[in-house]
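The values are calculated or read from the model by the stated rules, or taken from the named source; none is laboratory data. The structure displayed is predicted, hence computed values, not measured ones. FYI the Cβ positions are ideal-geometry reconstructions off the backbone, even for glycines, and counts take in every protein chain you see.
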Amino acid sequence: MPYTFRHATLDNGLTIIAEIDPAAHSAAAGFYVRTGARDEATRDMGVSHFLEHMMFKGTDSMSAEQLNQAFDAIGARNNAFTSNEMTCFYAHVLPEALPRAVDLLGTMMRPALHQSDFETEKGVILEEIAMYKDNPFWVLYEACVERHFGPHPLSHRVLGTTESITALPRQRMKSYFDDRYAADNTVIAMAGRLDFDRMVDLVGERCGSWRRTGVGRDSSPPTLVGSDFTLRDAKVTRGYVLAMCDAPAIADERRYAAGILSQILGTPDNSRLHWALIEPGLAEEAQASFDAHDGFGEFFVYASGEPERLEEIWSIISKQLASLAESLTQDDIDRLLNKFVTGATIGGERPHDRMHRLGRMWTALGKYMPLEQELDRLAAVTLGDLREVHEAFPMTPVTIGRLLPEAG
């Protein structure tokens, strides 16, 4: 039996969506808030991610320990994540436990934000930032993003910086929460075996009093700044290079062709970069990806290897970028489509995966597309579509960053 899509909106603007499968053996729910690093003031960079942590610290009615024990009692697999554009809190459970899981998620979405918890968790965030400073890829990626977008908030780091988190007061976090964690800026996505009408009633009881704020976001494409730069770090022993290029936005139908194009160039195996760099032993890592966002998109290419060979590696990448359009074949498309269909079909059997696909799509686009329809859209991509995307977005690097050991 195929999934049935249902949609409801509460009087306060809170959206509830679901893909229902009476034959499923589990159910999942996620609260998606349309807010992330790009929606923060620069001085408060990292507040979205910090808030994600604070949600687990308890409410006025339940302590952190009680929340944790309550999720454990129903066997929930629950967690959260924060990105540049959204924050999500979710749980995957047996169907009979879904009402309790949604009630607990709705409860934790209105945290107490106690000052003592705020100070304790600030230390945890600072340790997390310090940990990422030891990851060469993230050091280079964040430096590239900052130069790529310049003063635009898209340059913000999801974790924030040591300086922004240290200086952040609880009251500014509370103001950010009150503004952006609004009913009309939240989507509740569900999938699996569930009673939709009952769940809508339950959400109304738990979340019907949430305020509507009319908060929005400037989704106009940013003006890219970019630069060509080199960082040196005594802690690294390899060479790293990362390039960022303009690409279609999430609402652009060309995103399907862009996704296939990036995979032909740099999927971890059997791609242009794999055969040009990994197989001959010139590089240890080589990949390309496409990320579509609200109002913009980006291709990025990344590789690492011996420091003295980094320019040779970059020269080969540049040649692959320049020759990609003319080297495309129908076999490239067919091979990747088979992988996409297999992966999507396997994921489609899990309510957890379907819930995340549903929530991300509605939060980003405000609309629903069945998985089968999206796979049909992918299957319709032609060589002409790939070449058209490459012509419009030619993968000409706007930002090129290198990370090398300190000069001897």
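Tell me, which residue of segment 373-387 that is in a helix (DSSP H, G or I) and free of Cβ contacts under 8 Å to residues at least 60 places away in the same chain is nearest to F5 (Cα to Cα)? Spell out the reasoning first.
Quick first cut of segment 373-387, residues in a helix (DSSP H, G or I) only: 373-379, 383-387.
Narrowing further to those that are free of Cβ contacts under 8 Å to residues at least 60 places away in the same chain: 373-376, 379, 383-384.
Numbers: Q373: 13, E374: 15, L375: 17, D376: 18, A379: 23, L383: 33, G384: 33 Å.
Here the answer is Q373.
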Legend entry - Enumerated strands (runs of 3 or more DSSP E) restricted to segment 166-274, each holding at least 3 residues that are under 24 Å from N78 (Cα atoms): 186-192
Legend entry - Given (1) farther than 18 Å from E52 by Cβ; (2) out of contact with any Phe, Trp or Tyr (no Cβ under 6 Å at 6 or more places or on another chain), index of the condition S155 fails: (2)
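Yes or no, residue by residue, for (1) in contact (Cβ under 8 Å) with a residue 12 or more places away in the chain; (2) in the same structural domain as F393 (by TED's automatic domain parsing); (3) surrounded by fewer than 19 Cβ atoms within 10 Å (Cβ to Cβ):
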position	(1), (2), (3)
K235	yes, yes, yes
R238	yes, yes, yes
M244	yes, yes, no
I260	yes, yes, no
P280	no, yes, yes
Inset, instruction - Looking for whichever is farther than 25 Å from L404 by Cβ, in a helix (DSSP H, G or I) and assigned by TED's automatic domain parsing to the domain that holds K57 here; the options are L154, L140. Which one fits? - result: L154
Inset, instruction - Please go through segment 264-290 and pick out each residue that is at pLDDT below 95 and not hydroxyl-bearing (S, T, Y). - result: P268, D269, N270
Inset, instruction - Quick one: which residue in K133, K57 is surrounded by fewer than 20 Cβ atoms within 10 Å (Cβ to Cβ), among the basic types (K, R) and free of Cβ contacts under 8 Å to residues at least 40 places away in the same chain? - result: K133
Legend entry - Selection status of F118, farther than 27 Å from R34 by Cβ and either assigned to a helix (DSSP H, G or I) or modelled with pLDDT of 95 or more (or both): no
Inset, instruction - Collect the residues in segment 91-130 that are buried (at least 18 other Cβ atoms within 10 Å of the Cβ) and hydroxyl-bearing (S, T, Y), keeping them in residue-number order. - result: T107
Legend entry - Residue count, segment 308-344 (criterion: β-branched (V, I, T), more than 17 Å from Q287 (Cα to Cα) and in contact (Cβ under 8 Å) with a residue 24 or more places away in the chain): 3
Inset, instruction - Collect the residues in segment 297-334 that are closer than 16 Å to L386 by Cα and loosely packed, with under 15 Cβ neighbours inside 10 Å, keeping them in residue-number order. - result: A322, S323, E326, S327, T329, Q330, D331, D334
Inset, instruction - Considering only segment 152-180, state which residues are closer than 21 Å to G295 by Cβ and free of Cβ contacts under 8 Å to residues at least 60 places away in the same chain. - result: S155, D179
Legend entry - Tabulated pairs, segment 181-204, first among the polar types (S, T, N, Q), second part of a loop (DSSP other than H, G, I, E, B) and modelled with pLDDT of 95 or more, C-beta under 6 angstrom, 6+ apart or interchain: N185/R34; N185/V215; T186/L14
Inset, instruction - Return a yes/no flag: does segment 348-359 have any residue that is basic (K, R), over 17 Å from D294 (Cα atoms), modelled with pLDDT of 90 or more and assigned to a helix (DSSP H, G or I). - result: yes
Inset, instruction - Considering each residue of segment 11-33, count those that are buried (at least 24 other Cβ atoms within 10 Å of the Cβ) and charged (D, E, K, R), and give that number. - result: 1
Inset, instruction - Could you check how many residues of segment 52-90 are under 27 Å from R357 (Cβ atoms), touching a strand residue (DSSP E or B) at 6+ places or on another chain (Cβ under 7 Å) and not charged (D, E, K, R)? - result: 15
